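Everything below concerns the one structure shown next.
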2 protein chains.
Amino acid sequence: MDDLKDLTIAILGGTGPQGRGLARRFAVAGLTVVLGSRTAERAEAAAAELAEATGGAVSGASNADASAQGDIVLVVVPWDGHAELLESLKGELAGKVVVDCVNPLGFDKQGPYALLVPEGSATQQAAAILTESRVVGAFHNVSAVLLEDPSVESIETDVLVLGDDREATDAVQALADTVPGMRGVYGGRIRNAHQVEALTANLISINRRYKAHAGVRVTDV
Amino acid sequence: MDDLKDLTIAILGGTGPQGRGLARRFAVAGLTVVLGSRTAERAEAAAAELAEATGGAVSGASNADASAQGDIVLVVVPWDGHAELLESLKGELAGKVVVDCVNPLGFDKQGPYALLVPEGSATQQAAAILTESRVVGAFHNVSAVLLEDPSVESIETDVLVLGDDREATDAVQALADTVPGMRGVYGGRIRNAHQVEALTANLISINRRYKAHAGVRVTDV
């Protein structure tokens, strides 16, 4: 893949906390970012705020236009509606590296838990729908609170990158590496994405017990 | 629970690499360890070697006798036969803290992958069988190679401890804390054990890619 500085990073669901937080970090790293949202107006408003706050290159567009503009497209939308959104963007996302960041979780009074996904994981669902795209799973376990906090200069976490396409996983690891403190680590094939998505339920449990914003580091790598 | 020094730590499947490795570390930490195996003779032979190597208190017994002797009983057996073994030890394990360390994994030419478990996870299967025991999940992601290597003085990893019984999870966290470099971290309820077991498939993938013995650290805790 080309140098990340020459690519456009699109973030679908870019007006939610996780999407906004990732956009902030990539903008600060000097990358060109397009936020996508259901309406272009919402995305443009969030993008204007981020561009102002970071001095970076952030614009906004509808999810479809952001998909068309992006070279690497992050999917940071709620699990509810994930499949429908991707179905609707199949054409725009053809040929692109699509990074699924979605955690299918449920919550009840006992806290968070992993939802069963017929395809195995959100990432596998994306791959099943986007047969013309290069689907990778990543950025599942990163705290939105830390990403969005401008006083946090370094995000001390590894990003496990799951995928079967080496060039695509390498590019997404490099994308993670642009954020200070963050490191992209190859995490296995796409069929092993489920547990990385689901691990977010454990991290939320840890956050509650320890009053933390927990992340994951891989040792000996 | 009582001080760990006053308790006996039993390790079922204690003659395999993971069980032997954990036994070694607990023996070095000054704890009283009983290795269990299908035959008392195999367990006694492995225990004699470990006692010699560590100068620690390690004995061997059949899995049933080790279960009866242990206050905290670690289950470190192959997934194949897991349910049958626990069914056969229901009586001996009643009232005990039982720590399931088993990772239900499959392997094919594409590498490791997580197996589907009807109960959700090995830990939940153990809890479903051992209704009179206090079942906890832990020690899933620890490299047997590092545990068994006497030249490795510190095991740089966190142990995610899963369970719904606070006193039991606290005891198992304390057990992990006895090993230099290792730290017990509460990882959530037992219903969130699956992804921690399955994450071992990712760590094996990481080991293959990076020629490492990967472990996990939780940041901000």
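The values are calculated or read from the model by the stated rules, or taken from the named source; none is laboratory data. All figures in this text were calculated on a predicted structure; none of them were measured in a lab. With ideal geometry, Cβ positions are generated from the backbone for all residues, glycine too; neighbour counts draw on all protein chains shown. For accessibility, only protein heavy atoms count, side chains too; no ligands or nucleic acids. Shrake-Rupley method; radii C 1.70, N 1.55, O 1.52, S 1.80 Å.
Comparison of A:Ala176, A:Ala171, A:Ala138 shows that the only residue that is buried (at least 21 other Cβ atoms within 10 Å of the Cβ) and out of contact with any helix residue (DSSP H, G or I) (no Cβ under 8 Å at 6 or more places or on another chain) is A:Ala176.
The residues of the stretch A:60-86 that are of a type in the set (Val, Ile, Thr), in a strand (DSSP E or B) and either within 14 Å of chain B (Cβ to nearest Cβ) or in contact with a helix residue (DSSP H, G or I) (Cβ under 6 Å, 6 or more places away or on another chain) (or both) amount to a single one, A:Val73.
Residue by residue, here is whether (1) of a type in the set (D, E, K, R); (2) open to solvent by 10 Å² or more (accessible area, probe 1.4 Å) holds:
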| site | (1), (2) |
| --- | --- |
| A:Arg42 | yes, yes |
| A:Ala57 | no, yes |
| A:Pro78 | no, yes |
| A:Gly81 | no, yes |
| A:Glu84 | yes, yes |
| A:Leu93 | no, no |
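Does B:Asn192 satisfy the criteria of being facing chain A (nearest Cβ under 7 Å), more than 14 Å from the chain's Cα centre (by Cα) and closer than 23 Å to B:Thr131 by Cβ? Considered against the rule, which asks whether it is facing chain A (nearest Cβ under 7 Å), more than 14 Å from the chain's Cα centre (by Cα) and closer than 23 Å to B:Thr131 by Cβ, B:Asn192 comes out as yes. If you filter the stretch A:1-38 down to residues that are under 15 Å from the mean Cα position of the chain (by Cα) and β-branched (Val, Ile, Thr), you find that the one that is surrounded by the most Cβ atoms within 10 Å (Cβ to Cβ) is A:Ile11. Of all residues in the stretch B:109-127, none that is away from chain A (no Cβ under 13 Å) has its Cβ atom under 7 Å from the Cβ atom of a residue that is modelled with pLDDT under 95, 6 or more apart or on another chain. Scanning the stretch A:49-58 for any residue that is touching a helix residue (DSSP H, G or I) at 6+ places or on another chain (Cβ under 6 Å) and polar (S, T, N, Q) turns up at least one such residue.
Considering only the stretch B:158-166, I want to know if a residue exists there that is under 29 Å from A:Gly184 (Cα atoms) and open to solvent by 30 Å² or more (accessible area, probe 1.4 Å). Scanning the stretch B:158-166, I find no residue that is under 29 Å from A:Gly184 (Cα atoms) and open to solvent by 30 Å² or more (accessible area, probe 1.4 Å), so the answer is no. Of all the listed residues (A:Leu199, A:Leu203, A:Leu162), the sole one being at the interface with chain B (Cβ under 9 Å from one of its Cβ atoms), free of Cβ contacts under 8 Å to residues at least 40 places away in the same chain and closer than 24 Å to B:Leu162 by Cβ is A:Leu162. A residue that is within 17 Å of the chain's Cα centre (by Cα), assigned to a loop (DSSP other than H, G, I, E, B) and of a type outside the set (D, E, K, R) cannot be found anywhere in the stretch A:49-59.
What about A:Arg208, is it assigned to a helix (DSSP H, G or I) and open to solvent by 20 Å² or more (accessible area, probe 1.4 Å)? Against the criterion (assigned to a helix (DSSP H, G or I) and open to solvent by 20 Å² or more (accessible area, probe 1.4 Å)), A:Arg208 qualifies.
The combined condition, being of a type in the set (Lys, Arg), over 15 Å from the mean Cα position of the chain (by Cα) and at pLDDT 95 or above, is fulfilled by A:Arg217.
Does A:Pro104 satisfy the condition of being over 16 Å from A:Ile190 (Cβ atoms) and open to solvent by less than 20 Å² (accessible area, probe 1.4 Å)? No: the conditions fail for A:Pro104.
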